[in-house]
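Chemist: The structure is given below, and queries will be raised subsequently.
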Amino acid sequence: MTQKKPRSARGVASAVLDAHSSEQLAGLFRALADPTRLRIVSAVFDDEQCVHDLASVLELEQSAVSHQLRMLRDLRIVRRRKEGRHVYYSLDDSHVRDLFAFALEHIRHQEGSR
């Protein structure tokens, strides 16, 4: 096994997030730190869903689901598509899909190693 060389102080400083990026990243993780929002993300992981169907699947009031979707939409975690009177939600892009999938894989791996 090869050992990593310790990085110089300059090398570490260049790898440290700038203030703006760290705030953005913290906001993303705060949004995903809520169990209801994570359940919404999982519900739209493979296919778009309308608010009514999300409320039904999650067994929540439509207003509560809409409130959570607004936060997820503001952070570009989900996006919406309007069709007539219905609004459909899906994941914003593949980065969100990958982030969720990797995090889920990580916790399942942790649970399996106990």
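Every number in this text was worked out from the coordinates using simple rules, so none of it is lab data. Note that the structure is a prediction, hence the values are computed from the model and not measured. Methodologically, a virtual Cβ is constructed for each residue, glycine included, from the backbone with ideal geometry; neighbour enumeration extends over all protein chains shown.
Chemist: I want to check the label-to-label distance for L28 and D98. Put each point 7 Å from Cα in the C-beta direction and report it in nm to one decimal.
Modeler: Label at L28, label at D98, 1.0 nm between them.
Chemist: Expressed as a rounded percentage, what relative contact order does the range 22-93 have, with Cα pairs under 8 Å and six or more residues apart? Numbers along the way, then the final one.
Modeler: Details: 72 pairs, mean separation 23.8, N = 72.
Relative CO of the range 22-93 lands at 33 percent.
Chemist: For the range 13-114, which GluC sites (Glu not before Pro) are in a loop by DSSP, counting at most 14 other Cβ atoms within 10 Å? Walk me through the numbers before you get to the answer.
Modeler: On the way: sites: E23, E48, E59, E61, E83, E105, E111; in loops: E48, E59, E61.
Hits after loop and neighbour filter: E59, E61.
Chemist: Further, regarding this structure: Quickly estimate the mean residue ellipticity at 222 nm for the chain, helices only: each DSSP H run with n ≥ 4 gives -39500 (n - 2.57), and the total goes over all residues, rounded to 500. Please report the intermediate quantities before stating the final value.
Modeler: Details: 6 runs with 70 residues, N = 114.
Mean residue ellipticity, 222 nm, calculated: -19000 deg cm²/dmol.
Chemist: Out of these labelled values of P(r) over Cα pairs in 10 Å bins from 0, in percent, (i) 12, 35, 27, 16, 7, 3, 0; (ii) 14, 45, 28, 12, 1; (iii) 15, 51, 31, 3, which was calculated from the coordinates shown here?
Modeler: (i)
Chemist: Let me spell out the model: positive unit charges on the Cβ of Lys and Arg, negative unit charges on the Cβ of Asp and Glu, origin at the Cα centre of the chain. What dipole size does that give, in debye rounded to 20?
Modeler: Working: 18 positive and 16 negative charges, 114 e Å.
Charge dipole of the chain: 540 debye, to the nearest 20.
Chemist: Q68: net charge of surrounding residues, Cβ under 10 Å, Lys/Arg +1, Asp/Glu -1, itself excluded?
Modeler: +3
Chemist: Could you give the length gained by full extension between R73 and S56, i.e. 0.36 nm per residue of separation minus their alpha carbon distance, to one decimal place? Display every interim value, and only then the final one.
Modeler: Details: separation 17, 0.36 × 17 = 6.12 nm, distance 1.98 nm.
Gain on extension, R73 to S56, equals 4.1 nm.
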